[in-house]
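Comments concern the structure below.
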Amino acid sequence: MSLKKFVPVLALSVSALLASVAQAAETLSVAATPVPHAELLEFVKPALAKEGVNLDIKVFTDYVQPNQQVADGHIDANFFQHKPYLDTFNKEHKTDLVSVAVVHVEPFGAYSTKIKSLDELKEGALVAIPNDPSNGARALLLLQKAGVLTLKDPSNILATSRDVDQNPKKLKFKELEAATLPRVLADVDIALINTNYALEAGLNPTKDALAIEGADSPYANLIAVAAKSKDDPRVAKLIQALHSEDVKKFIADKYKGSIVPAF
């Protein structure tokens, strides 16, 4: 075979090989909120590509659709929530989503543009908290830990404002969708905000929060899938990538304590 004939054949062989590799790659769709979940997924995307998984990241800004889309089979997995929220969602929506791995903890915080310490809270102050059961209770538990109030059952992870036992400052509670809380900071005395939404709003939990959960928080953020997909090899590769030392370093360098690894 002449060199002129060999080169085109070689080129065709390489093209065929590349096409074969591309065809072999499997796509895994994952619903996530923008910060830090989608950022973590973007970080591991190249590593997953080397393992034959094309990560398709679907960004959502609410806490309902990521679960509903997975439950309906439109998206393979999601990454945005903690176990108490997942359990509540399954119960309320009669879904069968399961946690397959925890990744990080986002310490929940109390923020204000009006005061610099919770000691400055005045009688009748307006407090904004998330309106979903698990995060609303999480807010109340944090206020209890900070000594602002006490609950009838100090360990109730589904407590509501009706479960407040002692409220010496007669605080008033306003329940709002979690995503809107940073936007109402100027209209309330304090707001209890999930770290992902705090980060999106330019708040630094380690510097701006008047009270914040410790790294021992039970609310670790997790990867959730439909029960039938818990052994999906693509999901196993995603977990392996997210549980790497590279991800630990990325979390430490980028978020500087605002979120902490849970693995």
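The values are calculated or read from the model by the stated rules, or taken from the named source; none is laboratory data. Being a predicted model, the structure only gives us computed values, none of them experimental. As a convention, Cβ positions derive from the backbone with ideal geometry for all residues, glycine included, and neighbour counts pool all protein chains shown. In case anyone asks, the SASA skips ligands and DNA or RNA and just uses the protein heavy atoms, side chains included. Shrake-Rupley method; radii C 1.70, N 1.55, O 1.52, S 1.80 Å.
Which one is surrounded by the fewest Cβ atoms within 10 Å (Cβ to Cβ), of the residues in segment 78-93 that are closer than 13 Å to residue 32 by Cα and out of contact with any helix residue (DSSP H, G or I) (no Cβ under 6 Å at 6 or more places or on another chain)?
Ranking the candidates gives 82 first.
For segment 67-77, indicate whether the set of residues that are in the same structural domain as residue 203 (by the TED database), farther than 17 Å from residue 217 by Cα and modelled with pLDDT of 95 or more is non-empty.
Looking through segment 67-77, none of the residues is in the same structural domain as residue 203 (by the TED database), farther than 17 Å from residue 217 by Cα and modelled with pLDDT of 95 or more.
So, residue 46, is that one within 28 Å of residue 251 (Cβ to Cβ), outside the structural domain of residue 180 (by the TED database) and at pLDDT below 95 or not?
no
Here is a yes/no grid of residues against (1) modelled with pLDDT under 95; (2) in the same structural domain as residue 148 (by the TED database); (3) part of a strand (DSSP E or B); (4) closer than 16 Å to residue 37 by Cα:
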site: 224; (1), (2), (3), (4): no, no, yes, yes
site: 228; (1), (2), (3), (4): no, no, no, no
site: 231; (1), (2), (3), (4): no, no, no, no
site: 237; (1), (2), (3), (4): no, no, no, no
site: 246; (1), (2), (3), (4): no, no, no, yes
site: 250; (1), (2), (3), (4): no, no, no, yes
site: 253; (1), (2), (3), (4): no, no, no, yes
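Which of the residues belonging to segment 27-41 are within 14 Å of the chain's Cα centre (by Cα) and open to solvent by 30 Å² or more (accessible area, probe 1.4 Å)?
Answer for segment 27-41, where residues must be within 14 Å of the chain's Cα centre (by Cα) and open to solvent by 30 Å² or more (accessible area, probe 1.4 Å): 34, 39.
Do you know which residues across segment 102-126 are crowded, with 19+ Cβ neighbours inside 10 Å and not charged (D, E, K, R)?
Answer for segment 102-126, where residues must be crowded, with 19+ Cβ neighbours inside 10 Å and not charged (D, E, K, R): 102, 103, 104, 105, 107, 108, 109, 110, 111, 112, 121, 125.
Just one of 196, 204 is of a type in the set (S, T, N, Q) and open to solvent by 10 Å² or more (accessible area, probe 1.4 Å); which is it?
204
Report, by residue number, each residue of segment 156-193 that is under 29 Å from residue 37 (Cα atoms) and open to solvent by 60 Å² or more (accessible area, probe 1.4 Å).
Answer for segment 156-193, where residues must be under 29 Å from residue 37 (Cα atoms) and open to solvent by 60 Å² or more (accessible area, probe 1.4 Å): 157, 158, 174, 175, 177, 183, 186, 187.
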